[in-house]
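The values are calculated or read from the model by the stated rules, or taken from the named source; none is laboratory data. Fair warning: this is a prediction, and the values are worked out from it, not measured in the lab. Positions of Cβ are generated from backbone atoms using ideal geometry, with glycine treated the same way; all protein chains shown enter the neighbour counts. Surface accessibility is based on the protein's heavy atoms, side chains included, excluding ligands, DNA and RNA. Shrake-Rupley method; radii C 1.70, N 1.55, O 1.52, S 1.80 Å.
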Amino acid sequence: MGLTPHNNANAGDIAETVLMPGDPLRAKFIAENFLEDVVQYNTVRGMYGYTGYYKGKRISVQGSGMGGPSMGIYSYELIHFYGVKNLIRIGSAGALNKDLKIQDLVIAMGACTDSNYSSQYNLPGTYAPIASFELVKKAYDIAKEKNIHAVVGNILSSDIFYNDGGLDALKSWSKMNVLAVEMEAAALYMNAQRAGVNALCILTISDLPFEGVATTALERQTAFTKMMEVALELA
């Protein structure tokens, strides 16, 4: 019996640094292909979680599911029930910037959102969810050392995958030089900032919405190894 309704893990089972792919099968892939001495600590709702070692460093990898609410639950519990200090989302995104191509990396310095997630804080204005600067800088430096092309900037965390307005809404964000769209980073950043811990979102471009180009589900699960390598080195 775990400490929460969503996690089998007991106290001490999860490392202070956690990689958080949205897809639990990507968590499984990372655990099986990059970590040593792996222990699976969670299977609840199929949201797999593992702890192991990468180059001697103890780290965990935990699926977050899709969307801000799911990320909000898992990241909150990792922080407040399991003592996690560094949360690194590794996800897929659709390119809103015309210069981005499939497999390019985006390091999310900030996360715009159409969600009302911040309403819980009763703030007298609009909140700007941002990453931890230390993690942003380190991730960028690691990518540069590995000769991996990575762009740092603003992204959009949207609650809506199938938008009734089609691509017009995304074009509006693109005009503001928002680089890419995904669904989880804003909730992660807000939970981390509220708790005073570190968070970062690293994304691989999986779709070019304005061109009608997309990768397969299997490619998203197993082929985004550049992002995984940067995140693991960062961890």
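Observations, loosely collected:
- Residue check, T17 of a type in the set (V, I, T) and farther than 17 Å from V84 by Cβ: no
- When I142 is tested against (1) within 20 Å of M228 (Cβ to Cβ); (2) open to solvent by 90 Å² or more (accessible area, probe 1.4 Å); (3) of a type outside the set (D, E, K, R), only condition (2) is not met.
- Every residue from segment 210-222 that is surrounded by fewer than 20 Cβ atoms within 10 Å (Cβ to Cβ), farther than 18 Å from I155 by Cα and touching a residue at least 60 places away in the same chain (Cβ under 8 Å): V213, T215, Q221, T222
- So G22, is it open to solvent by less than 60 Å² (accessible area, probe 1.4 Å) and within 19 Å of A187 (Cα to Cα): yes
- Test: residue in segment 32-40 that is open to solvent by less than 40 Å² (accessible area, probe 1.4 Å) and closer than 25 Å to T204 by Cβ: yes
- Residue within segment 197-209 that is touching a residue at least 60 places away in the same chain (Cβ under 8 Å), open to solvent by less than 20 Å² (accessible area, probe 1.4 Å) and touching a Phe, Trp or Tyr at 6+ places or on another chain (Cβ under 7 Å) present: yes
- Residue within segment 111-121 that is among the hydroxyl-bearing types (S, T, Y), open to solvent by less than 90 Å² (accessible area, probe 1.4 Å), part of a strand (DSSP E or B) and within 28 Å of M47 (Cβ to Cβ) present: yes
- Among residues of segment 142-155 that are touching a residue at least 24 places away in the same chain (Cβ under 8 Å) and charged (D, E, K, R), those with a Cβ under 8 angstrom from a residue that is outside any loop (DSSP other than H, G, I, E, B) and surrounded by fewer than 18 Cβ atoms within 10 Å (Cβ to Cβ), sequence gap 6+ or separate chain, pair up as K146/E229; K146/E233.
- Screening L135 against (1) loosely packed, with under 15 Cβ neighbours inside 10 Å; (2) under 26 Å from I30 (Cα atoms) leaves a single unmet condition, (1).
- In segment 1-30, the residues that are assigned to a loop (DSSP other than H, G, I, E, B), out of contact with any Gly (no Cβ under 6 Å at 6 or more places or on another chain) and of a type in the set (A, V, I, L, M): M1, L3, A11, I14, A15
- Lone qualifier among L232, L188, L156 - being among the hydrophobic types (A, V, I, L, M, F, W, C), open to solvent by less than 20 Å² (accessible area, probe 1.4 Å) and assigned to a strand (DSSP E or B): L156
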